[in-house]
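Bear in mind that the values in this text are calculations on the coordinates, not laboratory data. Keep in mind it's a predicted model, so treat the numbers as computed, not measured. Cβ atoms come from the backbone with ideal geometry, glycine included; neighbour counts cover every protein chain shown.
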Amino acid sequence: MNDFFEKRFPNEKTLRFSEVAYGAGSPGQVFKLSENEVRERLEQMNQQKQAIFEFHDSTAVQQIRRKREIPSGEILSEIFINHSKSVINQSRTNEDE
């Protein structure tokens, strides 16, 4: 999603849902996702504590808002660091049992 924003819409803060689902080079098209699958993934992003994107889904508006700009490489670093912390915490929990 971040790569799509950066490359196709670098100056935009919001995108229509249809652009993310059906636009050329969009996550929906690249990963061959149905409209419902795209919507489910966007809704999952809303559940993340430090989400970069926010999905608004109402009868009047269906859009994705970029809450903050971050280079794609930094996103991968954040994911790796958070995953590593989770693995370490799980390992400590298992040792305590």
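Quick one: what pairs do we get from segment 41-67, first residue in contact (Cβ under 8 Å) with a residue 60 or more places away in the chain, second part of a helix (DSSP H, G or I), C-beta under 7 Å, 6+ apart or different chains? Cβ pairs passing all conditions: Ile64/Phe17; Ile64/Val20; Ile64/Leu42; Arg66/Phe5. Close contacts from segment 17-34, counting a first residue that is closer than 19 Å to Ser58 by Cα and a second that is part of a helix (DSSP H, G or I) and among the acidic types (Asp, Glu), with Cβ to Cβ under 6 Å and a gap of 6+ residues or different chains, come to Ala21/Glu35. Among what's in segment 1-45 and is of a type in the set (A, V, I, L, M) and touching a Gly at 6+ places or on another chain (Cβ under 9 Å), pick the residue that is surrounded by the most Cβ atoms within 10 Å (Cβ to Cβ). So, considering only residues that are of a type in the set (A, V, I, L, M) and touching a Gly at 6+ places or on another chain (Cβ under 9 Å), the one surrounded by the most Cβ atoms within 10 Å (Cβ to Cβ) is Val20.
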